[in-house]
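Written below as structure tokens is the structure these notes are about.
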Amino acid sequence: MTHPPAVQLDRVSKSYRSGSQTVDALHEVSLVVPSGEFLSVMGPSGSGKSSLLNMIAGLDTPSSGSVRIAGHALATFSDDERSDLRLRHVGFVFQSFNLFPTFTVTENVLWPLEFLGFGKRKAQSRAADTLMQVGIDPSAQARRPSELSGGEQQRVAIARALATQPSLMLADEPTGNLDSVTGQAILDLLRRLNVDRQLTVVLVTHSTFAATYGDRTIELRDGRIARDVRAPREPMGARVIPLRE
């Protein structure tokens with residue numbers, strides 16, 4: 001059975017009013033991301049990267065054109081239905097981690113599972129398993145984010161995104177606040193998840209090195225896709241140790 005594309009945009013445009021001017025954030029962008037692909041998105045500031053990610057996530061609606069996620073036309077969904085789709089099928093990882101500072105590591109990962117109606121025991125088991133898979137030791141799981149390194153915080157953020165077992169991961173500059181060694185470890189982790197779980201990843205980055213982890217890279221300029229290139233060789237992140245069972 002053929003799976004529908006994880007992401008499909010058809011001639012998507014987005015315009016904003018800024019004072020008396022109209023700003024075109026995206027202009028007739030058409031894009032297909034097959035299920036299981038690792039897509040890197042590059043471009044200078046103001047090129048439309050954040051707008052593109054918001055369209056894919058259903059956090060914003062296009063001025064024209066259509067967005068489909070796993071075959072679902074977002075335009076036909078209510079706000080509540082889009083929220084439910086994000087909860088069940090889309091994971092988010094951000095540059096600033098966005099962890100709850102007063103929650104423990106485990107509580108941060110448990111949070112989305114509560115909305116899915118998990119019982120306490122099942123939720124705690126899922127959270128512990130997911131944290132182990134991203135390399136967070138059990139001894140750290142009772143700590144709060146301020147007691148962790150930046151790399152550990154990002155691993156917790158990835159665990160929170162993975163806990164609901166999404167089919168699509170959206171990562172917005174996930175290594176932007178990390179040193180190069182820690183950032184590479186996070187990219188290795190995202191690539192392992194992509195390879196081992198067939199998790200579709202859309203990575204927004206300014207880093208040419210980070211982009212090499214993708215099977216394919218698109219470059220946005222002035223709200224348009226200026227370049228769409230498939231990796232001519234094995235991506236740099238592919239030669240990594242498999243995830244622990």
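Quick note: the coordinates plus some simple rules give every number you see, no bench work behind them. Bear in mind the structure is a predicted one, so any value in this text is a computation, not a measurement. Because the Cβ atoms are built from the backbone with ideal geometry, glycine has one as well, and the counts that use them run over all protein chains shown.
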How far apart, in nm, are two points set 7 Å out from the Cα along the Cα-to-Cβ line at SER45 and at THR212?
2.6
Mind giving me the nanometre distance, one decimal, between the label points for ASP129 and TYR16, set 7 Å out from Cα along Cα→Cβ?
4.1
Full-stretch length increase - ASP137, ASN177 - with 0.36 nm per residue and alpha-carbon distance subtracted:
12.2 nm
If the cut-off is a Cα-Cα distance under 13 Å, which aspartates and glutamates reach LYS120, setting aside same-chain residues fewer than 8 apart in sequence?
GLU107
Under a cut-off of 17 Å between alpha-carbon atoms, report the lysines in cross-link reach of LYS14, not counting same-chain residues fewer than 8 places apart.
LYS49
Mean-square fluctuation maximum in Gaussian network of the chain, Cα pairs under 10 Å, restricted to GLY119, GLY223, GLY183, hits GLY119
Under 19 Å from the ALA73 label point (7 Å along Cα→beta-carbon), backbone N, the stretch 27-65:
28-33, 55-65
For the chain, with the dipole built from +1 on Lys and Arg beta-carbon atoms and -1 on Asp and Glu ones, taken about the Cα centre, which of PRO4, ALA226, PRO145 lies farthest toward the positive end?
PRO4
Under a GNM of the chain (C-alpha, springs under 10 Å), which listed residue has the highest mean-square fluctuation: THR200, THR182, THR22?
THR22
Acute angle (nearest 10 degrees) that the helix 79-89 long axis makes with the longest principal axis of the chain, alpha-carbon atoms
50
Can you pull the one-decimal nm distance between simple spin-label points at LYS122 and GLN198, each 7 Å off the Cα toward Cβ?
2.4
Charges only on Cβ, +1 for Lys and Arg, -1 for Asp and Glu: so what's the dipole of the chain about the Cα centre, in debye to the nearest 20?
260
Given only helices, namely DSSP H runs of n ≥ 4 each adding -39500 (n - 2.57), what is the per-residue ellipticity at 222 nm of the chain, to the nearest 500 deg cm²/dmol?
-10000 deg cm²/dmol
Highest GNM mean-square fluctuation among VAL32, VAL204, VAL67, for the chain with Cα springs under 10 Å, belongs to VAL32
Can you tell me how much longer the chain between ARG227 and GLU147 gets when fully stretched, taken as 0.36 nm per residue apart minus their C-alpha distance, in nm with one decimal?
24.6 nm
With R₀ set to 30 angstrom, the calculated FRET efficiency between the beta-carbons of THR2 and SER64, to the nearest 0.05, is 0.60
What is the distance in Å between the Cα centres of the stretch 113-153 and the stretch 51-89?
28
